[in-house]
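The values are calculated or read from the model by the stated rules, or taken from the named source; none is laboratory data. On a predicted model such as this, the values are computed, not experimentally measured, just so you know. All Cβ positions, glycine included, derive from the backbone under ideal geometry; neighbour counts span all protein chains shown.
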């Protein structure tokens with residue numbers, strides 16, 4: 001059986017309006033591991049929406065901090081969990097950020113309205129400090145990544161860190177769809193904007209916690225197995 005994959009993400013609290021909005025858009029709740037009814041609009045039928053969100057729906061609503069990886073032998077999940085907790089307790093929560101729906105590489109996402117250097121520094125630390133847990137890419141995985149248009153620097157990051165969009169090329173985002181056909185872009189963006197307003201979503205995001213997720217097999221969806229507070233935030237902690 002293929003080894004499990006793990007990832008470090010920011011996932012908004014399960015009871016927040018922004019999480020309910022994002023999870024419903026993707027049709028999946030990574031806290032409970034359950035499916036959510038797909039939304040539909042005047043020009044968007046549920047089956048079309050499920051197709052549009054099938055790929056990002058495997059990951060749940062999130063912002064990537066450390067991209068998915070398999071554990072390096074002979075490391076074990078409990079060692080990763082222990083390091084995850086230690087990492088969170090020793091890193092400051094970044095400044096709150098305002099987000100807005102935008103088109104990013106032909107998919108819809110919530111992206112920061114202005115640069116957030118403290119969040120970028122947190123992501124940089126995640127990339128570096130969890131890397132000794134990462135099993136190197138297979139040749140097949142590397143070839144698949146290289147089918148995307150990458151800069152020379154991104155290709156070098158791929159080989160060194162297992163993911164091309166890190167450090168200078170990191171752009172925080174919380175994905176809402178897969179790649180949108182050009183003739184559907186306007187309808188999809190208008191539908192999401194309307195849903196955002198209808199659900200009265202507060203678009204200021206406080207990154208107080210980070211989440212560790214596991215994908216048990218390649219066809220499975222990622223599920224949160226631990227959440228940990230970042231430093232100097234006394235709120236509740238969710239655990240599987």
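Structure notes:
- Looking at 110, 119, 80, just one residue is within 17 Å of the chain's Cα centre (by Cα), in contact (Cβ under 8 Å) with a residue 60 or more places away in the chain and part of a helix (DSSP H, G or I), and that residue is 119.
- In region 163-197, the residues that are assigned to a loop (DSSP other than H, G, I, E, B), over 23 Å from residue 119 (Cα atoms) and within 19 Å of the chain's Cα centre (by Cα): 180
- Given (1) within 18 Å of residue 6 (Cα to Cα); (2) at pLDDT below 95, index of the condition residue 140 fails: (1)
- Some residue of region 96-106 being out of contact with any strand residue (DSSP E or B) (no Cβ under 8 Å at 6 or more places or on another chain) and buried (at least 20 other Cβ atoms within 10 Å of the Cβ): no
- Scanning region 218-231 for residues that are within 20 Å of residue 56 (Cα to Cα) and at pLDDT 95 or above yields 220, 221, 222, 223, 224, 225.
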